[in-house]
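Asker: What follows is a single structure, and I will ask about it in a moment.
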Amino acid sequence: MKVAIATSDYFVPGETFINRHIEHMFGGNTCVICGRHNGQDPYGKPLFVRRAKLSLADTLTAPFHAASGALLHGTSRLPFGAGRKALARFLKDEQVDVILAEFGTQALVVASLGNDLGIPVFTYWRGTDASKMLTSSQRVRSYRLMMPRLAGMFSVSQFLLDNLAKHGVSHPNAHVVPSGVDIRRFTPGPKTPGSFLAVGRMVEKKAPQVTLRAFAEGARGREAHLTFIGDGPLLDDCRTLAQTLGIAEQTTFTGALPHDAVREKLHTTEVFLQHSVTAKDGNTEGLPTAIQEALASGCITLSTRHAGIPEAVEHGVNGLLTDEWDEADFARRIAQILDMPDRSDMARAARATAEAKFDNARGLARVEDVITRTVAQG
């Protein structure tokens with residue numbers, strides 16, 4: 001089975017879930033359709049870049065195609081003219097059997113063409129596409145129109161499927177398959193007592209300032225150190241806040257690090273922190289890969305009742321949960337963990353959760369099975 005993976009930007013090192021599909025799906029029998037390409041192609045895959053410069057004829061007819069696309073499909077982003085012909089030729093030349101669009105927004109681009117070529121199209125919902133995007137009535141309409149054009153869809157969490165359904169966006173062939181983690185590489189190691197770690201972009205929906213203030217309160221008078229891995233617009237503010245809170249000696253800000261460096265840090269970290277919240281624009285998580293990696297690494301996870309996180313973190317079993325923005329309770333939970341005389345049971349439960357739910361080899365096999373059975377049924 002030959003699969004075309006449709007994504008927005010290629011190659012993005014942090015999009016491990018997409019890169020895993022490109023490298024491994026159906027034994028690596030894949031090609032890539034992307035909006036933009038940064039020049040890196042570590043997997044050596046046949047590649048089609050959609051956003052090529054328009055010809056003069058296509059420039060002149062672009063307004064017509066945008067208007068008709070918006071009317072018939074709810075989106076003005078459909079390929080047309082020479083670009084559409086070139087993409088169709090690419091799919092035929094590569095003998096593509098199925099298209100998997102990473103993110104619902106990418107499925108909007110390829111669903112119609114896939115139908116016209118008789119190629120089944122699936123999509124994978126991951127977070128922003130099934131949260132923030134739903135605040136637009138036009139996007140909701142486009143998703144609803146797209147549903148009959150899809151052969152099936154996947155989501156990283158039940159939360160996202162429920163959120164889509166609330167807006168009238170549903171499909172009979174829908175499946176929850178978390179992005180998963182390589183549990184053979186992310187494993188527990190010797191833990192440094194009192195070590196805390198937060199990983200991710202320093203942006204609003206990660207609420208790093210809340211994490212920092214809660215740590216300052218919860219770790220007060222205790223032996224503990226918090227490391228932040230990640231960059232973003234709130235990084236400088238958080239560095240300043242650590243100074244203001246008087247915990248500069250108990251915090252480290254590394255900036256962005258390679259994925260292997262994150263894995264090594266998780267290996268020895270005792271507690272993973274992620275205070276995810278719903279951003280003002282409606283943006284949410286799906287089910288954060290970082291939390292799945294932390295659980296696989298045997299990290300006790302303290303997070304929030306947000307999006308799909310409660311589908312991974314069971315309060316009092318493999319970690320603890322607080323409500324979004326409840327900084328005081330987040331601080332109390334940090335203190336609770338530090339005051340535990342024995343944290344080993346919770347750490348073992350974290351690893352067991354990852355083995356049972358988030359083994360990416362099993363997840364990939366399940367996606368392949370759904371695609372294979374759906375295509376066979378016609």
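Asker: Leaving out ligands and nucleic acids, note down the accessible area per residue over the chain with a 1.4 angstrom probe, in whole Å².
Answerer: 42 Å²
Asker: Scan around C31 for amide H atoms under 5 Å from its own, H built in the peptide plane at 1.01 Å from N, and keep only partners 5 or more places away or cross-chain.
Answerer: Answer set, sorted by chain and number: V3, A4, I5.
Asker: Per DSSP helix of 4 or more residues, -39500 (n - 2.57); summed, then divided by the residues of the chain. What does that give at 222 nm, rounded to the nearest 500?
Answerer: Values: 13 runs with 157 residues, N = 378.
After summing the helix terms and dividing by the residues of the chain, the value is -13000 deg cm²/dmol.
Asker: Same structure again: For region 1-152, I need the span (max minus min coordinate) of the C-alpha atoms along each principal axis, in Å, sorted largest to smallest.
Answerer: Dimensions of region 1-152 along the principal axes of its Cα atoms: 40, 36, 29 Å.
Asker: Ok, one more. Among P148, L161, T192, whose Cα projects farthest towards the positive end of the dipole of region 145-256, with charges put on the beta-carbon of Lys, Arg (+1) and Asp, Glu (-1)?
Answerer: P148
Asker: Next question, about the same structure. I need the shape label for region 228-310. Rule: rounded when a/c is under 1.5, else prolate if a/b > b/c, else oblate, with a, b, c from the alpha carbon gyration tensor.
Answerer: oblate
Asker: Can you give me the solvent accessible area of R332 with a 1.4 Å probe, rounded to the nearest 10 Å²?
Answerer: 140 Å²
Asker: In nanometres, what is the gap between the two model label sites at R348 and A62, each 7 Å from Cα along Cα-to-Cβ?
Answerer: 6.2 nm
Asker: While we're looking at this one, here's another question. Can you give the extra length, in nm with one decimal, that the chain gains between D236 and V12 once fully stretched, where that is 0.36 nm per residue apart less the Cα-Cα distance? Walk me through the numbers before you get to the answer.
Answerer: Details: separation 224, 0.36 × 224 = 80.64 nm, distance 2.38 nm.
So the extension gain works out to 78.3 nm.
Asker: Roughly how many debye, to the nearest 20, is the charge dipole of region 274-363 about its Cα centre, given +1 on each Lys and Arg Cβ, -1 on each Asp and Glu Cβ, and no other charges?
Answerer: 220 debye
Asker: Let me ask another. Using the Karplus curve 6.51 cos²θ - 1.76 cosθ + 1.60 with θ = phi - 60°, what ³J(HN,Hα) values do you get for each residue of region 240-257, in whole Hz, with x for Gly and Pro?
Answerer: 5, 4, 4, 5, 4, 6, x, 10, 4, 6, 9, 10, 10, 10, 8, x, 5, 10
Asker: To continue, here is another question. Rounded, prolate or oblate: which fits the chain when a ≥ b ≥ c are the square roots of the eigenvalues of the alpha-carbon gyration tensor, with rounded for a/c under 1.5 and prolate only if a/b beats b/c?
Answerer: Prolate, because a/c is 1.5 or more and a/b exceeds b/c.
Asker: Please work out the Cα center distance from region 186-215 to region 296-315, rounded to the nearest Å.
Answerer: Region 186-215 and region 296-315 have Cα centres spaced 12 Å from each other.
Asker: List the trypsin sites (Lys or Arg not before Pro) within region 203-292 that fall in a DSSP loop (any state other than H, G, I, E or B) and whose Cβ has at most 10 other Cβ atoms within 10 Å.
Answerer: K280
Asker: Determine ³J(HN,Hα), in whole Hz, for all residues of region 86-94 in sequence, where each value follows from phi through the Karplus function 6.51 cos²θ - 1.76 cosθ + 1.60 and θ = phi - 60°; x replaces Gly and Pro.
Answerer: 5, 5, 4, 5, 4, 5, 6, 4, 7
Asker: Provide the net charge surrounding G255, with neighbours chosen by a C-beta distance below 12 Å and charges set as Lys +1, Arg +1, Asp -1, Glu -1. Write down the numbers at each step before the final one.
Answerer: Values: positive: R201, R239; negative: D231, D236.
So the surrounding residues net to 0.
Asker: May I pose another question? What residue among V375, P341, V317 has its Cα farthest toward the positive end of the dipole of region 313-378, where the charges are +1 on Lys, Arg and -1 on Asp, Glu, each on the Cβ?
Answerer: Most positive-ward Cα: V375.
Asker: While we're here: Once you charge only the Cβ atoms, +1 for Lys and Arg and -1 for Asp and Glu, what is the size of the charge dipole of the chain about its Cα centre, to the nearest 20 debye?
Answerer: Rounded to the nearest 20 debye, it is 1100 debye.
Asker: Calculate the spin-label point distance for R51 paired with K280, positioning each point 7 Å from the Cα along the beta-carbon direction, and give it in nanometres.
Answerer: 2.6 nm
The values are calculated or read from the model by the stated rules, or taken from the named source; none is laboratory data. Everything numeric here is computed off the predicted structure, so don't read it as measured data. Because the Cβ atoms are built from the backbone with ideal geometry, glycine has one as well, and the counts that use them run over all protein chains shown. To get the accessible areas, we keep the full protein, side chains included, count just its heavy atoms, and leave off ligands, DNA and RNA. Shrake-Rupley method; radii C 1.70, N 1.55, O 1.52, S 1.80 Å.
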